[in-house]
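One structure is given below, encoded as structure tokens.
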Amino acid sequence: MRLGNKDIKGRFTIPSGIVTTEISVLNKIAKELPEIGILTTKSICLEPREGNREPIFSEYAPGCFTNAVGLTNHGAKEFAEQLGSIKIPEDKFLLTSIFGSDADEFVKVAELLAPVSDGLELNFSCPHAKGYGQAIGQDFDLVSEIVSSIINRAKIPVFAKLSPNIPDIGKIAKVCVDAGASGIVAINTAGPGYFMVDGHPVLTNKVGGLSGKAVLPLGLKCIKEISEAVKSAGVKIIACGGISTAKDIRNYEAVGADFFGVGSALKNIDTEELKLYFSALNKDLQDDTDNADKFLKSDNSMEYIKYKIKKKTDLADDLSLIEFDGPFNAYAGQFIFLWLPSVGEKPFSVLNSQPFTVLVQDRGCFTKALVGMKESEIVYVRGSYGKRTELSKPENDLVLVGGGTGIASLYLIAKENKDRKVYFFLGAKDKSHLAYIEEFGKLGEVFVSTEDGSAGFKGNVVELLQQSLEKSEIKNPVFYNCGPKGMIEALIALEEKYSSREQIFSSIDYLTKCGVGICGSCATKDGRRSCVDGTFLKAV
């Protein structure tokens, strides 16, 4: 199909702000998913924007979500450099989403990003960011000015993304087309809405846009009205809102859509499953079948469960072991989120599932509040997330390497592999920051390092491992590493001298906000999302 000045093969896109929010993921999708013909970026403004604190995404009913990411982005200048560093295939259309607070800001962003884009999506639709998105999109004169100004300056196709909350979406679509827009994207999230658990608003922003299955009827209504208003002008319509199956797409097609965005339905789908899903969805459209939904995940992994703190052990001023009052169903390699209403939430490795225990270091406002809690106080938990680590060759020795709080992700791996020879290499800044050492010792041989020499080897855990590998009898090791990026890179460089990269797995402390693969914040440099493709990822 023709879009702008390009012939593209795939009729699908992933809407702005979902999955392809980091450049490495966008690049991976561009190369590996032929069905994704339109590559839509997250929304970009002129200056960097932090967005909202977590929670930013919640599921209030099966397949129905609220979100308030807050238009997080690196700013137009940096993003232009990132886009310029990748090569978009000839049969793909790069649709760069932009926003601003007025016409002047929109134009400045467009001028920076147009040279590295095939088209620009103008975000007139975000429902929860004050002064942006929907606030702009309700002013017909301003919308017309922005569209025409960008077309005159950018000289590439412009697509207006519209909100379902505008009373006459067909009328605003016509305003955009009359001003020169080549197409319309609709809908963005509805609302905003307000979702609570035990009387507490879940989102830190309190309100958020509504997406998923619940907005499908609204999306169909809006696309019908848009099509009736502008289709005769020959513009292209990109439909999104509640799409998960070929049946949904056929319905959108019947009311005038040309291309189709699938977003919230991709919850908890890893990269390989993503490929299978879009391939099956495309085949469904060709064969008049409806089988792709078998790749979707219907689960309650975003449900919050209430726990009380049973025991808290302060190991140092900034480090605590917290044991909860019940077991938790988590496996080796998986992680959870802990939530304190009105404070926020953060991800944690499950140190032990029975008793349910986490290791917490004070690093910011959330962890400070958590380590300051007392026994019997309530914490909410959601999860678990990530892939279970499963080793296939029992003859391999298991070498588990952790630095700082990274040691917390190693205990369950050893606990689930008691039939192996297990070696732990655990590093910390001093003796007081070494946790659970006695329990580790029950499962394998333990080697420790401290920066100040107060326990074990004086130095870092990489040096300790190197020393041990040079003189030990470890046989054909499988390595699992967890810690900061610099440590992991040094470990992999060392370990590949003693084993193949196929037997080296690492978990880096990437920024993880949603846990279910939607926000894309935990992207690796090769485009994997560590929350769904890992957390332990094979060295590449």
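The values are calculated or read from the model by the stated rules, or taken from the named source; none is laboratory data. Note that the structure is predicted; figures quoted are calculated from it, not measured. Don't worry about glycine lacking a Cβ; one is built from the backbone with ideal geometry, like all the others, and counts go over all protein chains shown.
Lys471: assigned by TED's automatic domain parsing to the domain that holds Gly402 and within 30 Å of the chain's Cα centre (by Cα), yes or no? Spelling it out, it is not the case that Lys471 is assigned by TED's automatic domain parsing to the domain that holds Gly402 and within 30 Å of the chain's Cα centre (by Cα). Run down Glu78, Glu50, Glu121, Glu59 and say which single residue is surrounded by fewer than 18 Cβ atoms within 10 Å (Cβ to Cβ) and at pLDDT 95 or above. Within the list Glu78, Glu50, Glu121, Glu59, the selection yields Glu78.
Would you call Asn251 surrounded by fewer than 24 Cβ atoms within 10 Å (Cβ to Cβ), in contact (Cβ under 8 Å) with a residue 40 or more places away in the chain and not aliphatic (A, V, I, L, M)? Answer is no for this residue.
Is there a residue being in a strand (DSSP E or B), under 30 Å from Ala61 (Cα atoms) and at pLDDT 95 or above anywhere in segment 139-159? Among the residues of segment 139-159, not one is in a strand (DSSP E or B), under 30 Å from Ala61 (Cα atoms) and at pLDDT 95 or above, which makes the answer no. Checking each residue in segment 495-521 for being assigned to a helix (DSSP H, G or I) and surrounded by 24 or more Cβ atoms within 10 Å (Cβ to Cβ) picks out only Glu495.
Condition check ((1) assigned to a loop (DSSP other than H, G, I, E, B); (2) under 17 Å from Lys9 (Cα atoms)) across all residues:
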position: Gly37; (1), (2): no, yes
position: Pro55; (1), (2): yes, no
position: Glu78; (1), (2): no, no
position: Ile86; (1), (2): yes, no
position: Leu95; (1), (2): no, yes
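Scanning segment 273-287 for residues that are in contact (Cβ under 8 Å) with a residue 24 or more places away in the chain and of a type outside the set (Gly, Ala, Ser) turns up Leu274, Lys275, Phe278, Leu281, Asn282, Asp284, Leu285. How many residues, within segment 177-186, are surrounded by 21 or more Cβ atoms within 10 Å (Cβ to Cβ) and either among the acidic types (Asp, Glu) or at pLDDT below 95 (or both)? Within segment 177-186, residues that are surrounded by 21 or more Cβ atoms within 10 Å (Cβ to Cβ) and either among the acidic types (Asp, Glu) or at pLDDT below 95 (or both) number 0.
Annotation note: Cβ proximity below 6 Å between a residue of segment 354-383 that is farther than 19 Å from Lys513 by Cβ and in the same structural domain as Phe335 (by TED's automatic domain parsing) and a residue that is of a type outside the set (S, T, N, Q) and in a helix (DSSP H, G or I) (sequence gap 6+ or interchain) occurs for Leu359/Ala408; Asp362/Lys368; Asp362/Val371.
If you go through segment 329-369 and keep only what is within 24 Å of the chain's Cα centre (by Cα), in a helix (DSSP H, G or I) and not polar (S, T, N, Q), you end up with Cys365, Phe366. Does Gly261 qualify as being assigned by TED's automatic domain parsing to the domain that holds Ile172, surrounded by 19 or more Cβ atoms within 10 Å (Cβ to Cβ), without any contact (Cβ under 8 Å) to a residue 60 or more places away in the chain and within 19 Å of Ile518 (Cβ to Cβ)? Here the answer is no, as Gly261 does not meet what is asked. Could you tell me whether segment 189-208 includes any residue that is in contact with a helix residue (DSSP H, G or I) (Cβ under 6 Å, 6 or more places away or on another chain) and either at pLDDT 95 or above or more than 15 Å from Thr66 (Cα to Cα) (or both)? Among the residues of segment 189-208, not one is in contact with a helix residue (DSSP H, G or I) (Cβ under 6 Å, 6 or more places away or on another chain) and either at pLDDT 95 or above or more than 15 Å from Thr66 (Cα to Cα) (or both), which makes the answer no. Out of Ile407, Ile378, one residue alone is surrounded by fewer than 16 Cβ atoms within 10 Å (Cβ to Cβ) and aliphatic (A, V, I, L, M). It is Ile378. For Lys6, the test of being surrounded by fewer than 21 Cβ atoms within 10 Å (Cβ to Cβ) and out of contact with any strand residue (DSSP E or B) (no Cβ under 7 Å at 6 or more places or on another chain) is failed.
For Ala435, state whether it is closer than 20 Å to Gly333 by Cβ and surrounded by 14 or more Cβ atoms within 10 Å (Cβ to Cβ). It is true that Ala435 is closer than 20 Å to Gly333 by Cβ and surrounded by 14 or more Cβ atoms within 10 Å (Cβ to Cβ). Could you please let me know if Val540 is farther than 18 Å from Gly17 by Cα, part of a loop (DSSP other than H, G, I, E, B), aliphatic (A, V, I, L, M) and outside the structural domain of Pro347 (by TED's automatic domain parsing)? Considered against the rule, which asks whether it is farther than 18 Å from Gly17 by Cα, part of a loop (DSSP other than H, G, I, E, B), aliphatic (A, V, I, L, M) and outside the structural domain of Pro347 (by TED's automatic domain parsing), Val540 comes out as yes. Restricting attention to segment 171-209, the residues being farther than 22 Å from Asp139 by Cα and of a type in the set (A, V, I, L, M) number 5.
I want to confirm something. Restricting to segment 281-292 and keeping residues that are assigned to a helix (DSSP H, G or I) and more than 28 Å from Gly515 (Cα to Cα), which single residue is farthest from the chain's Cα centre (by Cα)? Quick ask: steps written out before the conclusion?
To start, the set of residues in segment 281-292 that are assigned to a helix (DSSP H, G or I) comprises 281-287, 292.
Narrowing further to those that are more than 28 Å from Gly515 (Cα to Cα): 283-287.
On the way: Lys283: 27, Asp284: 27, Leu285: 28, Gln286: 31, Asp287: 32 Å.
Checked segment 281-292; the qualifying residue farthest from the chain's Cα centre (by Cα) is Asp287.
Screening the candidates Val461, Val448 for the property of being more than 33 Å from the chain's Cα centre (by Cα), of a type in the set (Val, Ile, Thr) and in the same structural domain as Phe505 (by TED's automatic domain parsing) yields one hit, Val448.
Look at (1) touching a Pro at 6+ places or on another chain (Cβ under 7 Å); (2) in contact (Cβ under 8 Å) with a residue 40 or more places away in the chain and you find that Asp419 fails only one, number (2). Which one is surrounded by the fewest Cβ atoms within 10 Å (Cβ to Cβ), of the residues in segment 293-328 that are touching a Ser or Thr at 6+ places or on another chain (Cβ under 7 Å) and part of a loop (DSSP other than H, G, I, E, B)? It comes out as Pro327.
When only residues in segment 14-35 that are in a helix (DSSP H, G or I) and over 13 Å from the mean Cα position of the chain (by Cα) count, which is farthest from Leu112 (Cα to Cα)? So the residue we want is Glu32.
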